[in-house]
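Encoded as structure tokens, the structure appears first; notes follow it.
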Amino acid sequence: MSIKKLLLVLALLLVGVTVVAAQQEVSIVHYYSSDLGSATMAKLFDGFTAANPDMKVVDNSAGHEDFKTQILVTIAGNNPPDLFSYWAGARTQFIVEADRLMPLTDFWSDNDLDSIIPAGVKPASIYNGDVYNIPMNVHIVGFFYNPKVMAAAGVTSMPTTWDEFLAACEAIKASGVAPIALGSMNRWPAQYWLDYTVSRTAGPEFRQQLMAGEVAYNSPEVATALEAWKQLVDAGYFVADANAYDWTDAADQVANGEAAMTLMGTWITGYWDGNGLKPIDDYDFFPFPAINPDVPMVVHGSVDGWAVPASAANPDGAKALIMHMLSPDAQATWAVGQGALAAVSNVDPSIYSPVMKKAADYLGSVAFLSGYDLSTTPPMADAGLNMFAQFMNDPSGYMAYLDEVEVVAVDVFKK
């Protein structure tokens with residue numbers, strides 16, 4: 001090789017090195033570590049780097065349960081990621097109060113996010129008057145059921161009242177199938193039973209007061225709610241040994257006909273779709289029925305979003321990645337792949353399956369409240385989740401459990 005050619009090759013190599021060295025790293029920590037979540041997230045990261053070749057995403061996903069503790073330790077340290085996924089609600093508020101998050105109010109305004117994020121979702125972003133959490137998707141919780149099991153039991157119209165729900169459960173049980181699957185091994189799947197029984201009996205305002213420590217856990221209102229839940233357990237409507245199963249086990253029990261339905265978030269549709277089930281044919285959705293017709297109906301769920309640590313090394317890169325995540329194409333990819341409702345209003349509604357369209361329509365018809373462990377402080381949520389697991393082991397001791405949890409609430413909320 002001539003000296004001239006050698007110098008040309010070396011120059012090209014140096015240019016390549018320079019390009020690589022000039023890449024900005026955007027470090028991210030998220031809890032989408034399942035096969036389904038990580039594969040879909042990887043598609044979004046690939047799209048971002050293709051559009052931004054000067055940036056490189058450093059992905060540090062964590063298991064859902066491990067993440068809850070790991071991220072708090074990381075944020076409290078001196079080397080946080082540039083961006084992390086987090087649940088809107090009390091968990092975000094907890095970190096805001098510790099002054100560990102960067103306000104994103106100007107970012108929201110500069111990018112006119114009011115034009116694409118629905119007004120009903122925006123409150124999940126605001127804490128102490130500023131924006132700290134940018135929504136990625138919305139999930140709602142309701143009953144997801146096996147239509148074939150329901151039809152075999154003679155349940156052809158889904159219940160809208162508590163009496164109709166009890167009648168449906170009795171018919172399903174008589175057909176030889178467990179009416180309700182619940183996988184509360186990790187505690188959190190049981191929380192929605194308290195959410196809905198309290199909201200449907202004492203009302204959403206009381207439920208919010210309970211989350212804020214303004215009313216007592218051992219109050220008559222909460223006892224009435226747990227009595228409604230206990231009624232179902234005592235009647236044998238749940239699959240036995242709920243605490244021995246995870247939520248995916250409960251989903252499998254419904255899918256294979258061992259149980260008729262499960263109270264779960266819309267993410268279950270992503271799980272089922274990934275396993276080859278077909279909406280309407282293999283699974284469908286109906287909202288939690290009314291118990292007290294005099295209280296307003298609400299839907300419980302979660303808003304997953306993105307937060308930027310106050311000491312992030314590359315906040316500009318984090319913001320660029322957020323904007324990519326909010327693009328219609330990225331939102332469509334994520335919603336379909338994750339079994340979620342998009343956080344933006346400009347996504348093509350045809351992306352939704354008929355079942356997810358039902359969920360989206362219901363979300364648009366009632367007020368939205370976050371689930372239990374996203375609506376109260378982490379220490380309080382931990383005590384409550386322990387109580388729900390106790391309850392599923394032995395619901396007869398529910399008043400003692402409520403007394404014990406109220407002792408924690410007195411300490412947490414300094415009553």
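The values are calculated or read from the model by the stated rules, or taken from the named source; none is laboratory data. All values reported here derive from a predicted model rather than from experimental measurement. No Cβ is skipped: glycine too gets one built from the backbone with ideal geometry, and neighbour counts run over all protein chains shown.
Worth a mention:
- Residue match in the stretch 314-336 (condition: of a type in the set (D, E, K, R) and touching a strand residue (DSSP E or B) at 6+ places or on another chain (Cβ under 7 Å)): no
- Any hit, the stretch 107-119, residues being in a strand (DSSP E or B) and surrounded by 19 or more Cβ atoms within 10 Å (Cβ to Cβ): no
- Test set (1) over 21 Å from the mean Cα position of the chain (by Cα); (2) at negative phi - Lys414 fails condition number: (2)
- So Ser365, is it within 30 Å of Leu226 (Cα to Cα), at pLDDT below 95 and part of a loop (DSSP other than H, G, I, E, B): yes
- Where Val355 falls short, out of the listed (1) assigned by TED's automatic domain parsing to the domain that holds Asp282; (2) touching a residue at least 40 places away in the same chain (Cβ under 8 Å): (1)
- Taken together, Ser199, Ser184 contain a single residue that is part of a loop (DSSP other than H, G, I, E, B) and of a type in the set (S, T, N, Q), which is Ser184.
- Residue count for the stretch 368-402, restricted to those that are outside any helix (DSSP H, G or I) and either in contact (Cβ under 8 Å) with a residue 24 or more places away in the chain or crowded, with 19+ Cβ neighbours inside 10 Å (or both): 6
- Yes/no for Gly339 being in the same structural domain as Gly89 (by TED's automatic domain parsing), touching a residue at least 40 places away in the same chain (Cβ under 8 Å) and farther than 18 Å from Tyr86 by Cβ: yes
- Of the strands (runs of 3 or more DSSP E) lying entirely inside the stretch 224-313, the ones with 2 or more residues being crowded, with 23+ Cβ neighbours inside 10 Å and either assigned by TED's automatic domain parsing to the domain that holds Leu385 or of a type outside the set (Phe, Trp, Tyr) (or both) are found at 259-265, 298-307.
- Picking from residues in the stretch 15-53 that are more than 15 Å from Pro81 (Cβ to Cβ) and among the hydroxyl-bearing types (Ser, Thr, Tyr), the one that is modelled with the lowest pLDDT is Thr18.
- Being surrounded by 11 or more Cβ atoms within 10 Å (Cβ to Cβ), closer than 25 Å to His139 by Cβ and at pLDDT below 90 is a property that Ser85 lacks.
- Condition check for Lys56: in contact with an Asp or Glu (Cβ under 7 Å, 6 or more places away or on another chain) and at pLDDT 85 or above: yes
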